Structures are given as structure tokens and as C-alpha cells.
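Quick notes on the structure that follows.
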Amino acid sequence: MGRRSQWGGRVVGVPTLAGLLLGIGPIMGIIAGPLAGWLSDRDGRRWRVMRWGLLLGIVGFALLSLDGAVGVIAAGVMVVAFADGILTPTTMAQTGDLSRRERQGLLMGLYAAGGDFGSAAGPFLAYALAYLLELKWVYVLCLALYCLALLATWGVGRERASSPREIPSL
């Protein structure tokens with residue numbers, strides 16, 4: 001008999017639960033992506049929207065690193081997926097904004113290729129790290145990387161601010 005877990009007073013098979021959690025990612029992206037794009041276009045403050053995405057990612061990875069109950073893990077997965085839904089369109093738009101017109105196609109293509117490479121290589125790297133460390137420490141590492149990225153957005157955002165409309169603030 002397969003492994004089972006209690007969730008919301010019901011017994012759910014672990015493979016079923018894993019499938020549900022994996023399916024949540026695209027749904028969260030469908031919700032978060034257009035909203036993030038609209039917000040970053042409306043104010044012209046992509047750095048601000050990216051910061052919110054990074055902060056949500058930090059919260060999500062903190063939840064995942066708790067080694068908590070199934071509900072905490074589900075919440076962590078949903079928050080991280082929502083954060084990814086925010087970060088994907090805003091970082092792509094920022095890449096286009098910061099590129100010279102004659103190099104936009106190349107840089108956007110490299111951005112897409114980098115995302116695909118990360119999507120393909122990320123799970124292998126995570127599994128390799130999980131073999132060496134407890135899974136919660138892999139999530140802590142992700143949390144730390146998001147913290148570094150958040151710090152970088154403040155540095156780059158201030159450096160590149162050229163008008164009051166672009167001054168980064170959270």
C-alpha cells in the first residue's frame with residue numbers, strides 16, 4: 001500500500017497530494033503573472049513588483065523549510081508558485097527595458113534559454129543537494145538566494161533609477 005497523509009481531515013495518497021501541489025504552480029502563475037505585469041506597467045516600478053515577488057518567495061521557502069505539517073508545506077508551495085508567477089513576467093519585462101533595442105531579441109532569447117535551463121537543471125541540483133543535506137536545508141539555501149536577490153534589486157534599482165517614477169521603493 002502506498003504512503004498516505006492526513007490533509008484537511010481526509011486521508012490522501014502522497015502521489016495524489018504531490019500531483020495536486022505540482023498542478024498549483026501553473027494556476028498560481030496564471031493568477032499572478034498578469035496581475036504583476038499590470039502593476040509593473042501601471043506604475044513603471046518593476047523593481048518594486050520584483051521585490052514583492054522576492055519577499056513572497058522568501059516567505060514561501062521559509063514555510064517549506066519548517067518541516068511542518070502537510071498544510072504548511074502546501075501553503076509554502078502555493079506562496080513560492082505565486083512568487084514565481086510575479087517574478088517571471090517582471091524580470092522578463094525588465095530585461096527588455098534595460099536592453100538596447102538592437103540587442104533585445106538576443107537578450108530576451110538568452111533570458112528564455114536561461115529560464116529553461118534552470119527549470120531543467122534545478123530539480124537535479126535540488127535532488128543532489130537533498131542527498132547531501134536534509135531537504136529543509138535546500139529550502140533554506142533557496143531562501144538565502146532570494147534574500148541576496150532582494151538586496152541586489154535595491155542596489156541595481158537605485159543605480160539605474162533615472163527619474164522619480166523609477167525610484168525603487170517597497
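The values are calculated or read from the model by the stated rules, or taken from the named source; none is laboratory data. It should be emphasised that the depicted structure is a prediction, and the values quoted were computed from it without experimental measurement. A quick note on method: Cβ atoms are made from the backbone with ideal geometry, for glycine too, and the neighbour counts reach across all protein chains shown.
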Open item on the list: Quick check on this structure: which one of Ile86, Ile31, Ile58, Ile73 is farther than 23 Å from Trp154 by Cβ, at pLDDT 90 or above, β-branched (Val, Ile, Thr) and part of a helix (DSSP H, G or I)?
Closed with: Ile31
TODO: Name the one entry in Arg48, Arg4 that is closer than 18 Å to Leu150 by Cβ, charged (D, E, K, R), at pLDDT below 95 and surrounded by 14 or more Cβ atoms within 10 Å (Cβ to Cβ).
DONE: Arg48
TODO: Would you be able to say whether some residue in the range 92-114 is within 12 Å of the chain's Cα centre (by Cα) and either surrounded by 17 or more Cβ atoms within 10 Å (Cβ to Cβ) or in contact (Cβ under 8 Å) with a residue 12 or more places away in the chain (or both)?
DONE: no
Task: Considering residues of the range 142-159 that are out of contact with any helix residue (DSSP H, G or I) (no Cβ under 7 Å at 6 or more places or on another chain), under 24 Å from Gly85 (Cβ atoms) and not small (Gly, Ala, Ser) only, the residue modelled with the lowest pLDDT - done: Val156
Open item on the list: Every residue in the range 34-48 that is touching a residue at least 60 places away in the same chain (Cβ under 8 Å) and either aromatic (Phe, Trp, Tyr) or over 13 Å from Gln94 (Cα atoms) (or both), please.
Closed with: Asp43, Trp47
- [ ] Assess whether Leu63 counts as being in contact (Cβ under 8 Å) with a residue 24 or more places away in the chain, under 21 Å from Leu141 (Cα atoms), out of contact with any Cys (no Cβ under 6 Å at 6 or more places or on another chain) and not basic (Lys, Arg).
- [x] no
